[in-house]
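Worksheet: one structure, shown below.
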Amino acid sequence: MKILLITQYYNPVKGAAAKRTGKMAQFLNTAGHDVTVLTGFPSYPTGILAKKYQSKLWFHEVINEIKITRVWELPVSTSDSTIKRLLNLVSFAKTSAWYGLFHHKFDMVIVSSPNFLSGYAGLYSAGKNAKFYFDIRDLWPDSAVQLGVLPEEGFLTNWLKKLEKKYYDRATKIFTATPGIKDHLLTEEIPADKIEVLLNSVDTNLFSPKKVNKTKFELDETDFVCGYIGNMSRVYDLETVIKTAQKLKDYPEIKFVLVGEGESKSKVQVMAKNMGLNNVIFIPETPLQELPEIINSFDLGLAPIAKIGVSQESFPSKVSEYLACSVPVLASLAGDMAKTIKEHEVGLIYEPGDAEALANYILKLSRDNLSMQIMSLNARQLALKMFSDEIFSEKLISALG
């Protein structure tokens, strides 16, 4: 089959979105499909384009046997305004849709959202004959409304809702990153047999338990480390993590390590500095191959999801990476994913924004070796059972028919 995968976020861009779409392309190629990826010029998080992409409207290349067509988008960095980041989304939507107008040679088209507007390119590329698959990692426009980016009512919000329905009606099948998103779609009367839950997965060979030297990361071997990896955006309540660190500053053996980049990073860095915290360490965005070593320096993995309705039902890829490394999780999740963490005894759930509860959990677990050992063993087993790349690949290939 000739398959077009449309995603704004693809290698070398870092983050959960690029990991997911990268795996889709890789697994489809391994299964014998002829895969082309339509994506943007990678500029995030620096806002700087590599020389080979500069002054071009499009660029063709092949990476790991995957054909990639890159189209122009407005470069964007972590320090850019909300307006510029929105323009970045719109610019990719326009250039990818322009590509779709003139390319109808595919048997299947898969669009990964966000960028939600990329669906336009998918509709154009699929035309009337190709199968159209819509992969949803974040509900739009619902999440934009809850984040305060869009009003609950208004021309733009209503137009996006109509566009959302158009995607769903045209889709051969809809992939959702969590059961919670599927439940939401069912309330919109999308047929259940049209929806396939495709959980974010982890390479359990790369991400596995290993003994590491904590001193490499400005830590002592005896430190009890609470770590966070990934995008530092408003979706993640990192301010509560800093407040928790303040509450535990009199316990010098408890350290907080935050790894990654994003729009919120400078804010929480300033917050930690103003509080005079010596128990918080920031590490820049790290290549994928180096992440397992950092995660294995953690005793607990943090997933501080902000109190935003649809985000509360998410299951970030960072959680599956923690679990695969036998690192228990402290998360402010809700719904099925929170239930999974509780039932399998791989971590604890706290209310979003509750620094007191988070601090109490951390202090308790730092003194409870037995509970930590049980959760660590359970974590690895759950990763193998539910979140492995093999399961993701099998479900993806099966769903495409």
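The values are calculated or read from the model by the stated rules, or taken from the named source; none is laboratory data. The structure displayed is predicted, hence computed values, not measured ones. Here Cβ is always computed from backbone atoms with ideal geometry, including for glycine, and neighbour counts include all displayed protein chains.
Given the residues 239, 290, 253, which is the only one that is at pLDDT below 95 and of a type outside the set (Ser, Thr, Tyr)?
Answer to the selection: 290.
hydroxyl-bearing (Ser, Thr, Tyr), touching a residue at least 40 places away in the same chain (Cβ under 8 Å), buried (at least 20 other Cβ atoms within 10 Å of the Cβ) and assigned by TED's automatic domain parsing to the domain that holds residue 295: is that true of residue 228 in this structure? Spell out how you get there, then give the answer.
Values: hydroxyl-bearing (Ser, Thr, Tyr): yes; touching a residue at least 40 places away in the same chain (Cβ under 8 Å): yes; buried (at least 20 other Cβ atoms within 10 Å of the Cβ): yes; assigned by TED's automatic domain parsing to the domain that holds residue 295: yes.
Yes, satisfied.
Can you name the number of the only condition in (1) modelled with pLDDT of 95 or more; (2) part of a helix (DSSP H, G or I); (3) buried (at least 20 other Cβ atoms within 10 Å of the Cβ) that residue 364 fails?
It is condition (3) that residue 364 fails.
Is region 309-324 home to any residue that is at pLDDT 95 or above, farther than 20 Å from residue 231 by Cα and either outside any strand (DSSP E or B) or not charged (D, E, K, R) (or both)?
Within region 309-324 (the criterion being at pLDDT 95 or above, farther than 20 Å from residue 231 by Cα and either outside any strand (DSSP E or B) or not charged (D, E, K, R) (or both)), the answer is no, since none of the residues qualifies.
If we keep just the residues of region 58-94 that are under 30 Å from residue 32 (Cβ atoms) and β-branched (Val, Ile, Thr), which is modelled with the lowest pLDDT?
Initially, region 58-94 is screened for residues under 30 Å from residue 32 (Cβ atoms), giving 58-71, 92.
Next cut, β-branched (Val, Ile, Thr) only: 62-63, 66, 68-69, 71.
Numbers: 62: 94, 63: 91, 66: 94, 68: 96, 69: 96, 71: 95.
Here the answer is 63.
Would you mind stating whether residue 357 is small (Gly, Ala, Ser) and within 23 Å of residue 242 (Cα to Cα)?
On the way: small (Gly, Ala, Ser): yes; within 23 Å of residue 242 (Cα to Cα): yes.
Judged against the criteria, residue 357 is a match.
Counting only residues that are assigned to a loop (DSSP other than H, G, I, E, B) and in contact (Cβ under 8 Å) with a residue 60 or more places away in the chain, which one in region 10-32 is surrounded by the most Cβ atoms within 10 Å (Cβ to Cβ)? So that I can check it myself, show each step before the final result.
Start the filter on region 10-32 by keeping residues that are assigned to a loop (DSSP other than H, G, I, E, B), which leaves 10-15, 31-32.
With in contact (Cβ under 8 Å) with a residue 60 or more places away in the chain added as a condition, the list becomes 14-15, 31.
Working: 14: 21, 15: 19, 31: 14.
This residue is 14.
Kindly indicate whether any position in region 97-108 is touching an Asp or Glu at 6+ places or on another chain (Cβ under 6 Å) and crowded, with 19+ Cβ neighbours inside 10 Å. Let's see the steps before the verdict.
Of region 97-108, the ones touching an Asp or Glu at 6+ places or on another chain (Cβ under 6 Å) are none.
So far as region 97-108 goes, no, none of its residues is touching an Asp or Glu at 6+ places or on another chain (Cβ under 6 Å) and crowded, with 19+ Cβ neighbours inside 10 Å.
Checking residue 338 against (1) in contact (Cβ under 8 Å) with a residue 12 or more places away in the chain; (2) part of a helix (DSSP H, G or I); (3) surrounded by 18 or more Cβ atoms within 10 Å (Cβ to Cβ), which test does it fail?
(1)
Determine which member of the set 245, 177 is in contact (Cβ under 8 Å) with a residue 60 or more places away in the chain and crowded, with 23+ Cβ neighbours inside 10 Å.
On the way: 245 fails: in contact (Cβ under 8 Å) with a residue 60 or more places away in the chain.
Answer to the check: 177.
Name every residue in region 35-52 that is modelled with pLDDT of 95 or more and surrounded by fewer than 19 Cβ atoms within 10 Å (Cβ to Cβ), in order of residue number.
none
Please enumerate the residues belonging to region 341-351 that are assigned to a loop (DSSP other than H, G, I, E, B) and either buried (at least 16 other Cβ atoms within 10 Å of the Cβ) or of a type in the set (Ser, Thr, Tyr) (or both). Walk me through it before giving the result.
Residues of region 341-351 assigned to a loop (DSSP other than H, G, I, E, B): 344-346, 350-351.
Across region 341-351, the qualifying residues are 344, 346, 350.
Go through region 210-233 and give me each residue that's of a type in the set (Phe, Trp, Tyr), in a strand (DSSP E or B) and closer than 12 Å to residue 281 by Cα.
Here is the first cut: in region 210-233, the residues of a type in the set (Phe, Trp, Tyr) are 217, 224, 228.
If we keep only those that are in a strand (DSSP E or B) too, we end up with 224, 228.
Listed by number, the list holds a single entry, 228.
The rows are residues; the columns are (1) under 22 Å from residue 317 (Cα atoms); (2) under 25 Å from the mean Cα position of the chain (by Cα); (3) hydrophobic (A, V, I, L, M, F, W, C).
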{"residue": "340", "(1), (2), (3)": "yes, yes, no"}
{"residue": "345", "(1), (2), (3)": "yes, yes, no"}
{"residue": "351", "(1), (2), (3)": "yes, yes, no"}
{"residue": "360", "(1), (2), (3)": "no, no, no"}
{"residue": "368", "(1), (2), (3)": "no, no, no"}
{"residue": "379", "(1), (2), (3)": "yes, yes, yes"}
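Name the single residue that is surrounded by the fewest Cβ atoms within 10 Å (Cβ to Cβ) among those in region 190-207 being of a type outside the set (Gly, Ala, Ser) and assigned to a helix (DSSP H, G or I).
Step by step, filter region 190-207, then rank; the result is 193.
For region 48-74, what are the residues that are in a loop (DSSP other than H, G, I, E, B) and farther than 21 Å from residue 22 by Cα? So that I can check it myself, show each step before the final result.
Just the residues of region 48-74 that are in a loop (DSSP other than H, G, I, E, B), to begin with: 48-50, 54-57, 64-65, 72-74.
Correct list: 48, 54, 55, 56, 57, 74.
Is there a residue being hydrophobic (A, V, I, L, M, F, W, C) and under 15 Å from residue 202 (Cα atoms) anywhere in region 345-359? Show your work before the answer.
The first filter runs over region 345-359 and keeps only residues hydrophobic (A, V, I, L, M, F, W, C), leaving 346, 348-349, 355, 357-359.
Still in the running and under 15 Å from residue 202 (Cα atoms): none.
No, because not a single residue in region 345-359 is hydrophobic (A, V, I, L, M, F, W, C) and under 15 Å from residue 202 (Cα atoms).
In region 234-279, what count of residues is obtained for those that are part of a helix (DSSP H, G or I) and of a type in the set (Asp, Glu)?
Within region 234-279, residues that are part of a helix (DSSP H, G or I) and of a type in the set (Asp, Glu) number 1.
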